[in-house]
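The values are calculated or read from the model by the stated rules, or taken from the named source; none is laboratory data. Predicted model, so just to flag it, every value in this text is computed and none were measured. Here the Cβ positions follow ideal geometry from the backbone for every residue, glycine too, while neighbour counts run over all protein chains shown. Surface areas here come from the heavy atoms of the whole protein model, side chains and all, with no ligands, DNA or RNA. Shrake-Rupley method; radii C 1.70, N 1.55, O 1.52, S 1.80 Å.
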Amino acid sequence: MKKNVLKGVLFVGLGASIYGMLATFVKLAYEEGYTTSEVTTSQFVLGLAGLLLLNFFQTVTSKKTLASPTAKETRQLVLAGTSLGCTSLFYYLAVQYINVSIAIVLLMQSVWFSVVVESFLTRKLPNARKVISVIIVLAGTVMATNLVSTQIELDLHGVFWGLMAAASYTLTMFTSNTLATHLPVFRKSIIMLCGGSVIIFIFLFLAQLGPLHFESLKALYLNFTEHTGHIRPFRYSILWKYGLILALFGTIIPPVLFNIGFPKAGLGLGSIVSSLELPVSVTMAFLLLGEKVEAVQWIGIAMILFAIVLMNLPPRKGTGIPDMQ
């Protein structure tokens, strides 16, 4: 393996591992009574502040003039960034209802969601290998969520939000790889994060800053105010207790490492390595949260990882046999 490719693999692997730890800290914040709106707001506010500082230092220290977005690109990135906010919001809502180990499996459904979106955009049916990979992912999901057990009871709210997170994550991946690719990573991330922050601040207002009287909106969250007419104050202690680590692990470090690593590793190999997020997340939940993970679930996780490898390995020329080169 070439030196640059190895560096890319290490950067992508480290970024995926760090991102995989995120949901465990969200769950720990929930156990201390913090709400989804407090968790997401602290992550995005501190994440945006951190990226602004990094962008400032990059601009000051750069020996060449950095590219700036056009007005059209800015609008596109802000709009695309709303899917970033939705991914975090939906994923964290799912974690309130179901185990982290199951929530991350649902998030990884983006693997086959992306195949469907790609087929729709290109107006071409997926090849046989992608179809087989999707089938393996679905079978692995049944096992990884332990649906084969007659004793398992999954909260449908958590399943719904987990699948919604996968859908928005799929959209985020497509827009990140196609929009304004010439921009420096920090500038592009800041603009997208602004779009995501709009979603987060709207949710903050609905869930916490303003008393709600619409019963239909209750399904959006679990443990907020009882809506008796008084406003629940935002607990700023979340900023230093969990906000900093959530911002670093969710909005600053992984995107930077991915943007450094993917160009060196390549999209196919990078996608394979980034799937480390799945076992890391499940292992963290097992070690820190004490979540029970059955042997059948580990088999299901292994199947999903295998499907990701199968989907991204290019065929060897003239043979049709998958090859890493």
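Key figures for this structure:
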quantity: Every residue from the range 15-47 that is farther than 15 Å from Ala207 by Cα, open to solvent by less than 10 Å² (accessible area, probe 1.4 Å) and among the hydroxyl-bearing types (Ser, Thr, Tyr); calculated: Thr24
quantity: Pairs where the first residue, in the range 242-267, is farther than 15 Å from Met192 by Cβ and the second is assigned to a helix (DSSP H, G or I) and charged (D, E, K, R), C-beta under 6 Å, 6+ apart; calculated: Lys264/Lys7
quantity: Positions within the range 22-51 being under 26 Å from Phe186 (Cβ atoms) and among the small types (Gly, Ala, Ser), in sequence order; calculated: Ala23, Ser42, Gly47, Ala49, Gly50
quantity: Residue in the range 81-89 that is open to solvent by less than 10 Å² (accessible area, probe 1.4 Å), over 15 Å from Met164 (Cα atoms) and at pLDDT below 90 present; calculated: yes
quantity: Condition met for Gly162 (over 30 Å from Ala247 (Cα atoms) and open to solvent by less than 70 Å² (accessible area, probe 1.4 Å)); calculated: no
quantity: Any chance Thr145 is under 16 Å from the mean Cα position of the chain (by Cα), touching a residue at least 12 places away in the same chain (Cβ under 8 Å), under 25 Å from Ala23 (Cβ atoms) and open to solvent by less than 70 Å² (accessible area, probe 1.4 Å); calculated: no
